[in-house]
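The next block holds one structure in the form of structure tokens; read it before the comments.
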Amino acid sequence: QLQLVESGGGLVQAGGSLRLSCAASGSIFSFRLMAWYRQAPGKQRELVASISSGGITNSADSVKGRFTISRDNAKNTVYLQMNSLKPEDTAAYYCRATGWDQDYWGQGTQVTVSS
């Protein structure tokens, strides 16, 4: 059972930056996809960005050019660098690890962007 612990959330002014971290309790090397999702109050959870085991990244149009996902397999950690934050980025952010027959979620970290 893999545990994922997110950190780095908080309150920031619009235009500011945050870096989220997702620390795994075990190796993430074999997980084919690591991703960040977010869920705002009253809205569905949505994919923010993902990164494959080969380093291929994908991100939602709403965050392209502002957010960057990366993974450090040696540290079993995935990061989400968030720049030029907007009030509409306010949400709980969740980390997800997807293997061939495994799927794990973290508990989330809150990001609040004030205008």
Check: Is there a residue in region 82-100 that is more than 19 Å from GLY10 (Cα to Cα) and outside any strand (DSSP E or B)?
Finding: yes
Margin query: One residue is enough: does region 63-76 have a residue meeting the conditions open to solvent by 40 Å² or more (accessible area, probe 1.4 Å) and more than 19 Å from GLU6 (Cα to Cα)?
Written below: yes
Next item on the list: Kindly establish whether ASP72 is acidic (Asp, Glu), under 12 Å from TYR37 (Cα atoms) and within 14 Å of the chain's Cα centre (by Cα).
Entry: no
Checklist line | Near pairs, Cβ below 7 angstrom, 6+ apart or cross-chain, from region 65-84 (without any contact (Cβ under 8 Å) to a residue 40 or more places away in the chain and closer than 18 Å to LEU47 by Cα) to any residue that is open to solvent by 50 Å² or more (accessible area, probe 1.4 Å) and among the β-branched types (Val, Ile, Thr) | finding: ILE69/THR57
Item checked: Failed item, numbered, when TYR79 is tested on (1) open to solvent by 60 Å² or more (accessible area, probe 1.4 Å); (2) assigned to a strand (DSSP E or B) -> (1)
Notebook entry, point to check: Counting only residues that are part of a loop (DSSP other than H, G, I, E, B) and at negative phi, how many does region 2-57 have?
Noted result: 22
Note to self: Pairs please, first residue from region 86-104 and within 10 Å of PHE31 (Cα to Cα) and without any contact (Cβ under 8 Å) to a residue 60 or more places away in the chain, second anywhere and part of a strand (DSSP E or B) and open to solvent by less than 20 Å² (accessible area, probe 1.4 Å), Cβ atoms under 9 Å, 6+ apart in sequence or on different chains.
What the structure shows: ASP103/ALA97
Item checked: Options ARG45, ARG32, ARG71, ARG19; residue that is more than 26 Å from ASP101 (Cβ to Cβ) and among the charged types (D, E, K, R) -> ARG19
Check: Looking at region 45-57, which of the residues that are more than 10 Å from the chain's Cα centre (by Cα) and farther than 14 Å from VAL78 by Cα is least open to solvent (accessible area, probe 1.4 Å)?
Finding: GLU46
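The values are calculated or read from the model by the stated rules, or taken from the named source; none is laboratory data. Small disclaimer: the values here were computed from a predicted structure and weren't measured. Using ideal geometry, Cβ is built from the backbone for each residue, glycine included, and neighbour counts are taken over all protein chains shown. Heavy atoms of the whole protein, side chains included, go into the accessibility calculation; ligands, DNA and RNA do not. Shrake-Rupley method; radii C 1.70, N 1.55, O 1.52, S 1.80 Å.
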